[in-house]
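Reviewing the structure listed below.
Just so it is clear, none of the values below were taken in a lab; they were calculated from the coordinates. Source: prediction; values computed, not measured. Because the Cβ atoms are built from the backbone with ideal geometry, glycine has one as well, and the counts that use them run over all protein chains shown.
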């Protein structure tokens, strides 16, 4: 197929691509850019087109792939553009750093609350807190699984009440 015949086929099928581009992008200006990029890639890859292949399907595939690649690229960038004149608000929600002393006081309160639990709740809760699974705790303490789950639940409830007072 000559280059002139190929170009003529592209021009004939351009109108079918416009609605597809609008459907993908949901924006007329972006659809025009997508259509232009599709036509450029089709012209650049003229040698990859097999004569007799459905030209519309080939062009739709090129357009869809360009759209997907652009979408993925934008998702990776994850850039937020703020066109407002309130540039000083961009860093408004700066995080604060807790002091180490305050954090250690809170941990001491939590540890005291845990050690203040009745033994029946404290032992399963400490094992759970260390990362053991329910069934491992039940086996280690030789108790039914449901009993272990309820004891840990009640331990959490008691701790929540005690810690909320601080």
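Within region 147-166, residues that are without any contact (Cβ under 8 Å) to a residue 12 or more places away in the chain and at negative phi have Cβ atoms under 7 Å from residues that are exposed (fewer than 11 other Cβ atoms within 10 Å of the Cβ) and not in a helix (DSSP H, G or I) in no pair, counting only partners at least 6 apart in sequence or on another chain. The residues of region 29-53 that are closer than 19 Å to residue 70 by Cα and surrounded by fewer than 11 Cβ atoms within 10 Å (Cβ to Cβ), listed by number, are 29, 44.
For region 1-21, filtered to residues that are free of Cβ contacts under 8 Å to residues at least 40 places away in the same chain and within 17 Å of residue 57 (Cα to Cα), the residue that is surrounded by the fewest Cβ atoms within 10 Å (Cβ to Cβ) is 15.
If the condition is being out of contact with any helix residue (DSSP H, G or I) (no Cβ under 6 Å at 6 or more places or on another chain), assigned to a loop (DSSP other than H, G, I, E, B) and surrounded by 10 or more Cβ atoms within 10 Å (Cβ to Cβ), then region 140-166 contributes 143, 144.
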